[in-house]
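The values are calculated or read from the model by the stated rules, or taken from the named source; none is laboratory data. If you're wondering where the values come from, they're calculated on a predicted model, not measured in any experiment. Note that we place each Cβ from the backbone using ideal geometry, even for glycine, and neighbour counts take in every protein chain shown.
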C-alpha cells in the first residue's frame, strides 16, 4: 500500500468544534428503574446500586428529562475531514453523514475527546438491546450518561456536524 500513497504538503488545516445540548430519554417509573437495574446485574454481573439510587433520586425530584453537553469536533486536512463525538455512533450514522456531505474523504467516528456511551440510531430504539437498554445502567455512573440519548439525537448530531462545514 505504501507505494500507492501520495504525500502532499498540508495546505489546509482547520479544527472546529461546537457543542450540542443532548436531551436524554425520559427517566422511567420506579418499577421500571428497578427492572433495568436487576437486568443489568443479571446479564453483566455488575453492581448497579449507584445508578439505581441516583436515577430514583432524580425521579423523586421530578427530573424526568436530563441533558448533557456533547462536543462535536471536526478536523480538515487538505481535502479530507475527520469529524468525531465522544460517543460510539452506529455505522449507519457515519454513512448518513458521509452521504449528506457528498464527500468520499469525510469520516465520522466516535471516541473523540472521551467516551459517554452509545449513540443509537432512531431505528435501533425499536430493536432494543444492550446499546439502548443497558449501557447507561452499566456505565452511567462513570460517564455521566445516566439515560440513553433521545431517539432523534443521531439526526441532530449529524445536522450540527454538517453545520461545521
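Odds and ends about this structure:
- Being at pLDDT 95 or above, touching a helix residue (DSSP H, G or I) at 6+ places or on another chain (Cβ under 9 Å), buried (at least 16 other Cβ atoms within 10 Å of the Cβ) and in a helix (DSSP H, G or I) holds for only one residue in 37, 94, and it is 37.
- For residue 116: the one exception among (1) in a loop (DSSP other than H, G, I, E, B); (2) more than 12 Å from the chain's Cα centre (by Cα); (3) within 19 Å of residue 24 (Cα to Cα): (2)
- Single residue of the stretch 1-28 satisfying the filter (within 20 Å of residue 139 (Cα to Cα) and in a loop (DSSP other than H, G, I, E, B)) that is farthest from the chain's Cα centre (by Cα): 28
- Unmet criterion (only one of (1) surrounded by 16 or more Cβ atoms within 10 Å (Cβ to Cβ); (2) without any contact (Cβ under 8 Å) to a residue 60 or more places away in the chain) for residue 72: (2)
- Residue that is under 22 Å from residue 81 (Cβ atoms) and without any contact (Cβ under 8 Å) to a residue 12 or more places away in the chain, where the choices are 6, 35: 6
- Among residues of the stretch 144-162, those that are modelled with pLDDT of 95 or more and either on the phi > 0 side of the Ramachandran plot or in a helix (DSSP H, G or I) (or both), counted: 10
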